[in-house]
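**Q** Could you have a look at this structure, given as structure tokens, before my questions?
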Amino acid sequence: MSTPKEIHSELFTLDIGGMTCASCVGRVEKALDRIPGVEAASVNLATEQARIRLNASSPTKIGEVIAAVQKTGYEAQLSEPHAITALKPSQSFWGSDGLGRVLLGFALAAPLFLPMLLMPFGIHWALSPKWQLLLASPIQFFLGWRFYKAGFKSLMSGVGNMDLLVALGTSAAYGLSIYQMLVSPHASHELYFEGSAVIICMVLLGKWLEARAKQQTSEAIRALQKLWPAHAKVLDSHIEVADGAPLDQYRELPLEQVFPKDRVLVMPGERIPVDGLILLGSSHVDESLLTGESAPVKKSVGLTVIGGSLNGEGVLVIEAQAVGVESVLSKIISLVEDAQTQKAPIQKLVDQVSAIFVPSVIVIAIITGLINWFYLDSASIAILRAVSVLVIACPCALGLATPAAIMAGTGIAARFGILIKDPQVLELAHRLNIVAFDKTGTLTIGKPRLLNLISFTSSADDDAILASAAGLQLGSEHPLAKALLNGAKQKGVNPIPPLESKALPGIGISGKPSNGPWAGEALCLQSVASLESNTHQAEVIQKAQTCFEAGQTVSVLMNVSTSSPIAIIAFGDELKSNASEAIASLHQLQIRTVILSGDNTAAANRVGHLIGIDEVFAQILPNNKADIIRKLQSSNKNGKRQWVAMVGDGVNDAPALATADVGMAMSTGTDVAMQAAGITLMRGDPSLVADAIDISKRTWKKIQQNLFWAFIFNSTGIPLAALGYLSPMLAGSAMALSSFCVLSNALLLKRWRPSHA
């Protein structure tokens, strides 16, 4: 039997230029999907980017992918990761979406449409046909050239877009005016130059407003990018870092030239350039733009700092630990960028509708023109109504409805320490009716203290037991390991280094002490729950009963060779100050709360009782956590499936986080937990759970509102235009403003503030 080959994929992000509506998105995606080796492609109109997964074993290179996109009529280039977004040429004053073109267009169009505004006042004045032609032509062929260019490319590829509709509609109105000029040279009132000119001006105004609104929706990314200082003060290698030592010998290096282990000097009021460990000094550090925590945090020697945070009053020397893409700030930016570039599942349906929308509109416009010509016997009225249908139906608002809301919602959430990396979360969070919490490190501080040691043997004293148990935990970052090592240090006991050690996820840690009473013997420090098949389980539980009743966490040091217990080691942990408030907030949202803990039943029940948890599951292994999540999901209430969120921070929570409908990981936990979760909470604050659900619900409502108004706009606008109730000029104005309204509605999310800020 042959083993299947492991297939690796590479992920690329391209900046796409020239997209104007949802049909453009479908066109680019089709082009990408046809390229051999492209496993998946997703194009986002609001961010103007394409995410492409390319099979690494394919002969197709990213340069060929870029060429294929350019062949369809759009600009494409490889996106620079985390580069600070500069002002694009299209957003400059005279760029294709610039304000200069809008002002020039309205200045030329003003003499054409002003007579229409004066008519209600009894003033009948109009420019001569030649002057109208002279003013309308530069608008049509200079300012409007972008629509011809993009529309032609769209036509050549067999897929219509907004530019094609605008080009067809305005050309028809302009061409009809030329015809009327030739037939009736002095009949200026039968010309429609003002219609074609104003349509182009209003579409340009709409594109400028869209560009401004898009910039606002991505402000969160730019704010994070600007946190990085351009340079870092790296101390010379021979400088001794000590109190009173001169720190004036350093090199000002570009950030990309800073490496791990470099010692970086940070002066008061400067941005900290790298993630690192404080070697010298103390200060208050403002991490608000990274974690959402408004109060500056006290930092001193031995504590870690995050690159991008703002140093307060003290001079700090930091040993760089993570730089560049490995830094916390870089990972945050990646999470937010990924979320804003991805599509919510509902957007896929919108894209399918948009793919057939433009061809359908062209057919409707032709039918409208023919019917009006037949019944009204007027070619000019028929053409004008067909033009109105073409213009009013541009699906810009439809294409922007979902991505604009996602960008605004995920951006404002990131500002307050809530990183939504999976847009699907937005469609699920509003359904949640159960939230399951891990206990240690999530609802409790996660810094337990060694409280008790109960021995089963008379062959060794408590210090020898503690030395052997603590030795197994050397190098471990687990909260209980730190508590055990700190407890040994306080008692003056030196841990015995093990000959070998091995972590047992969800169970504990095993190893062989290098000396002492159990030198060379296999010992295991494990949870009570993992003793299920051990014959000494009842004896251990009986002896640990007083610890359980006090709500303490109990571990057991076992001799693996004899399968017998050596000692019970008990720890105590404190609840987080706002844990009760967090649970109360969820209850106000009519959400049931659950604890899933590997801890003993008494300790878990005690925590649940103190903070008002509805149900407690204790002494469960990691895989069982995922099983319980599945049972909670299938537990019907009024015949309906339950929607479950899981909140955790450890490796043992990863299966449950992945199984839950919405996974939320505390950033104070492990990278594995954060990778498995759809939402990362940048502070170890359980009250952020309700806030994350709240902003997700609000973002989902904005998506629904935007799609509703976009569909209503097109579905009501087309028949009104076909029946003559909308002139081409009004249709152009309404089409441009509809996109702006959708974007403005999404930007209302920027006013959101967490209730627990």
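**Q** Taking the options Leu279, Leu265, name whichever one is touching a Leu at 6+ places or on another chain (Cβ under 7 Å), at pLDDT 85 or above, not charged (D, E, K, R) and not in a loop (DSSP other than H, G, I, E, B).
**A** Working: Leu279 fails: touching a Leu at 6+ places or on another chain (Cβ under 7 Å).
After ruling out the rest, the residue left standing is Leu265.
**Q** OK, next. Can you tell me how many residues within the stretch 484-496 are part of a loop (DSSP other than H, G, I, E, B) and closer than 10 Å to Ala470 by Cβ?
**A** 5
**Q** Next up: Run down Leu474, Leu485 and say which single residue is modelled with pLDDT under 90 and surrounded by fewer than 22 Cβ atoms within 10 Å (Cβ to Cβ).
**A** None of the other options fit; the residue is Leu474.
**Q** Could you identify the single residue in Ala626, Ala567, Ala582 that is within 23 Å of Thr680 (Cα to Cα), modelled with pLDDT of 90 or more and either part of a helix (DSSP H, G or I) or assigned by TED's automatic domain parsing to the domain that holds Glu477 (or both)?
**A** When all the criteria are applied, what remains is Ala582.
**Q** Inside the stretch 509-536, can you point out the residues that are modelled with pLDDT of 85 or more and either of a type in the set (Val, Ile, Thr) or in contact with a helix residue (DSSP H, G or I) (Cβ under 7 Å, 6 or more places away or on another chain) (or both)?
**A** Ile509, Gly511, Pro513, Gly516, Pro517, Trp518, Leu523, Leu525
**Q** Is it fair to say Glu287 is within 26 Å of Phe416 (Cβ to Cβ), touching a Leu at 6+ places or on another chain (Cβ under 9 Å) and at pLDDT below 85? So that I can check it myself, show each step before the final result.
**A** Details: within 26 Å of Phe416 (Cβ to Cβ): yes; touching a Leu at 6+ places or on another chain (Cβ under 9 Å): yes; at pLDDT below 85: yes.
Against the criterion (within 26 Å of Phe416 (Cβ to Cβ), touching a Leu at 6+ places or on another chain (Cβ under 9 Å) and at pLDDT below 85), Glu287 qualifies.
**Q** Then there is this: Can you confirm whether Pro254 is at pLDDT 85 or above and in contact with a His (Cβ under 7 Å, 6 or more places away or on another chain)?
**A** Working: at pLDDT 85 or above: yes; in contact with a His (Cβ under 7 Å, 6 or more places away or on another chain): yes.
Yes, satisfied.
**Q** Within the stretch 371-392, which residues are charged (D, E, K, R) and touching a helix residue (DSSP H, G or I) at 6+ places or on another chain (Cβ under 6 Å)?
**A** The one that is charged (D, E, K, R) and touching a helix residue (DSSP H, G or I) at 6+ places or on another chain (Cβ under 6 Å): Arg385.
**Q** If Arg385 satisfies every condition in (1) under 30 Å from Tyr192 (Cβ atoms); (2) outside the structural domain of Gln704 (by TED's automatic domain parsing); (3) of a type outside the set (S, T, N, Q) but one, which is the exception?
**A** Going through (1) under 30 Å from Tyr192 (Cβ atoms); (2) outside the structural domain of Gln704 (by TED's automatic domain parsing); (3) of a type outside the set (S, T, N, Q) one by one, Arg385 breaks only (2).
**Q** Select from the stretch 85-123 the residues that are surrounded by 12 or more Cβ atoms within 10 Å (Cβ to Cβ) and not in a helix (DSSP H, G or I) and write down the one among them that is modelled with the highest pLDDT.
**A** Gly98
**Q** Also: Among the residues in the stretch 727-737, are any outside the structural domain of Phe416 (by TED's automatic domain parsing), modelled with pLDDT of 75 or more and in contact with a helix residue (DSSP H, G or I) (Cβ under 9 Å, 6 or more places away or on another chain)? If you could, list the steps in order and put the result at the bottom.
**A** To start, the set of residues in the stretch 727-737 that are outside the structural domain of Phe416 (by TED's automatic domain parsing) comprises 727-737.
Then drop every residue that is not modelled with pLDDT of 75 or more, which leaves none.
No - not one qualifying residue is present in the stretch 727-737.
**Q** Restricted to the stretch 14-48, and to residues that are in a strand (DSSP E or B) and buried (at least 18 other Cβ atoms within 10 Å of the Cβ), which residue is modelled with the lowest pLDDT? Reasoning before the result, please.
**A** Let us first name the residues in the stretch 14-48 that are in a strand (DSSP E or B), namely 14-17, 38-44.
Remaining after also requiring buried (at least 18 other Cβ atoms within 10 Å of the Cβ): 14, 16, 38, 41-44.
Details: Leu14: 89, Ile16: 88, Val38: 88, Ala41: 85, Ser42: 82, Val43: 84, Asn44: 79.
Restricting to residues being in a strand (DSSP E or B) and buried (at least 18 other Cβ atoms within 10 Å of the Cβ), the top hit is Asn44.
**Q** Somewhere in the stretch 414-430, is a residue in contact with a Lys or Arg (Cβ under 6 Å, 6 or more places away or on another chain) and not in a helix (DSSP H, G or I)?
**A** yes
**Q** Also: So which residues in the stretch 485-497 are touching a strand residue (DSSP E or B) at 6+ places or on another chain (Cβ under 6 Å) and under 21 Å from Gly572 (Cβ atoms), if there are any at all?
**A** Gly487
**Q** Here is a further query. Which residues, counting only those in the stretch 401-444, are under 30 Å from Val554 (Cβ atoms), in contact with a Gly (Cβ under 8 Å, 6 or more places away or on another chain) and modelled with pLDDT of 80 or more?
**A** Passing the criteria: Phe437, Asp438, Thr442.
**Q** Working only within the stretch 438-483, note down all residues that are touching an Asp or Glu at 6+ places or on another chain (Cβ under 9 Å), outside any helix (DSSP H, G or I) and either closer than 30 Å to Ala656 by Cβ or without any contact (Cβ under 8 Å) to a residue 40 or more places away in the chain (or both).
**A** Result: Asp438, Lys439, Thr440, Gly441, Thr442, Thr444, Ile445, Gly446, Lys447, Pro448, Arg449.
**Q** Moving to a separate point now. Assess whether Val65 counts as being crowded, with 24+ Cβ neighbours inside 10 Å and either closer than 30 Å to Ala710 by Cα or β-branched (Val, Ile, Thr) (or both).
**A** No.
**Q** Taking Ser510 and the conditions (1) in contact with a strand residue (DSSP E or B) (Cβ under 8 Å, 6 or more places away or on another chain); (2) surrounded by fewer than 16 Cβ atoms within 10 Å (Cβ to Cβ), which numbered condition does it fall short on, given that it satisfies the others?
**A** Checking Ser510 against (1) in contact with a strand residue (DSSP E or B) (Cβ under 8 Å, 6 or more places away or on another chain); (2) surrounded by fewer than 16 Cβ atoms within 10 Å (Cβ to Cβ), the one that fails is (2).
The values are calculated or read from the model by the stated rules, or taken from the named source; none is laboratory data. Quick caveat: nothing in here was measured; it's all calculated off a predicted structure. For neighbour counting, all protein chains shown are included, and Cβ atoms are generated from backbone atoms with ideal geometry for every residue, glycine included.
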